[in-house]
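Structure first, then comments.
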Amino acid sequence: MRKIILLAGPTASGKSALALKWAAEYDGEIVNADSMQIYKELRILTACPSKEEEEKVLHHLYRCIKGDQPCSAQDWRNLAVKILEDIWARDKTAIIVGGTGLYFKTLIEGLSPVPAIDPAIREDIRAELSAAGSELLHHRLSGLDQIMAEKLNAHDGQRVARALEVILSTGRSLSHWQAQPPSGGLAGEENIQIERNVVAIERSLLYDRCNKRFEIMMQSSENYSALDEVRALLGRGYEDNVGVMKSLGVRHLGAYLKGELDLPEAIILSKTATRQYAKRQMTWFRNQCSDW
């Protein structure tokens, strides 16, 4: 019997420490299900496992792709399935931990059957996004797919580009494909034991943990801190709308480094954004994982 333990929860809730404990108890390996921890450039600011933790237990899908590389739920699922097969082939327990609810949902329930995207169209759209920005792409989407254009924020470049490449490749709105029944989820497979867990934590305690963890991130460890990470990230010249630039803290610490904010204000705004994100995560898990 192949075993998988799902461990979801909001940021700063303590799920990574619990995953380490369970990995030791159940002879397990840990698989990342957080959309920001997948990027190479940020270890501190995304609260990735430390080098010492990685030495204790095998960790997968942490800091494995470049910050400007898109990683949709489908992309993540494709990577995760290969990792799971490898873990199970070695008779280990797979422990999937993270805060990106859509990753869990896609893995367990499957995907809507969106046809393959023409590579040439995808390349053109991504190049246009980089050159012209998300607002212009959103304007173009409005003329082709009003339904998706109304759903999407004009500043969410990755999702706007995805919707545009789907309508251009398939002739149908992404909303049409999303309405189709999903398929390929692990829940429908035999000989897989799935244990579903979500961390429940009192809101004021979670907010306090968010604040304290960000303060720790700002402290230098081996002469390197979250601020140094953001400084190095800005040096790569990434556009603001690419994946890793959406990590909590990047926007406001980046504004400080550019002289647009003072540091205390940047820290306060970063903490606020972190708490707001944690609240959204709690709401999502409460609604989508009520039986976990």
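Details
- Flag for Ala116 being among the small types (Gly, Ala, Ser), under 27 Å from Gly184 (Cα atoms) and either open to solvent by 90 Å² or more (accessible area, probe 1.4 Å) or in contact with an Asp or Glu (Cβ under 6 Å, 6 or more places away or on another chain) (or both): yes
- Asp75 being out of contact with any Asp or Glu (no Cβ under 6 Å at 6 or more places or on another chain) and assigned to a loop (DSSP other than H, G, I, E, B): no
- Flag if Glu135 is open to solvent by 90 Å² or more (accessible area, probe 1.4 Å) and assigned to a helix (DSSP H, G or I): yes
- Single residue of the range 243-262 satisfying the filter (more than 16 Å from Thr274 (Cα to Cα) and among the small types (Gly, Ala, Ser)) that is most open to solvent (accessible area, probe 1.4 Å): Gly259
- Figure legend. Inter-residue proximity from the range 170-186: first residues part of a loop (DSSP other than H, G, I, E, B), second residues of a type in the set (A, V, I, L, M, F, W, C) and exposed (fewer than 15 other Cβ atoms within 10 Å of the Cβ), beta-carbon distance below 7 Å, spacing 6+ or different chains. Indicated pairs: Ser173/Ile147.
- Those residues of the range 263-292 which are loosely packed, with under 13 Cβ neighbours inside 10 Å, assigned to a loop (DSSP other than H, G, I, E, B) and of a type outside the set (D, E, K, R), in sequence order: Ser290
- For the range 4-28, residues that are farther than 27 Å from Asn287 by Cβ and open to solvent by 40 Å² or more (accessible area, probe 1.4 Å) total 5.
- Taking (1) under 23 Å from Leu18 (Cα atoms); (2) open to solvent by less than 70 Å² (accessible area, probe 1.4 Å) in turn, Asp86 satisfies each apart from (2).
- In the range 187-203, of all residues being charged (D, E, K, R) and part of a strand (DSSP E or B), the one that is least open to solvent (accessible area, probe 1.4 Å) corresponds to Glu195.
- Residue within the range 230-242 that is loosely packed, with under 15 Cβ neighbours inside 10 Å, closer than 30 Å to Leu84 by Cβ and of a type outside the set (S, T, N, Q) present: no
- Put simply, of Val230, Val244 the only residue that is under 20 Å from the mean Cα position of the chain (by Cα), part of a helix (DSSP H, G or I) and closer than 21 Å to Ala127 by Cα is Val244.
- Taken over the range 222-236, residues that are of a type in the set (S, T, N, Q) and touching a residue at least 40 places away in the same chain (Cβ under 8 Å) amount to 1.
Rundown of residues vs (1) aromatic (Phe, Trp, Tyr); (2) open to solvent by 40 Å² or more (accessible area, probe 1.4 Å); (3) closer than 23 Å to Val198 by Cα; (4) at pLDDT 95 or above, yes/no style:
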site: Ile30; (1), (2), (3), (4): no, no, yes, yes
site: Thr46; (1), (2), (3), (4): no, no, yes, yes
site: His60; (1), (2), (3), (4): no, no, yes, yes
site: Gln69; (1), (2), (3), (4): no, yes, no, no
site: Ala73; (1), (2), (3), (4): no, no, yes, no
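- Taking every residue in the range 150-164 that is under 13 Å from Ser72 (Cβ atoms) and pairing it with any residue that is buried (at least 21 other Cβ atoms within 10 Å of the Cβ) and of a type in the set (Lys, Arg), at least 6 positions away or on another chain, yields no pair with a Cβ-Cβ distance below 6 Å.
The values are calculated or read from the model by the stated rules, or taken from the named source; none is laboratory data. Keep in mind that this is a model prediction, so the values were computed, not measured. Methodologically, a virtual Cβ is constructed for each residue, glycine included, from the backbone with ideal geometry; neighbour enumeration extends over all protein chains shown. SASA here: full protein model, heavy atoms, side chains in, ligands and nucleic acids out. Shrake-Rupley method; radii C 1.70, N 1.55, O 1.52, S 1.80 Å.
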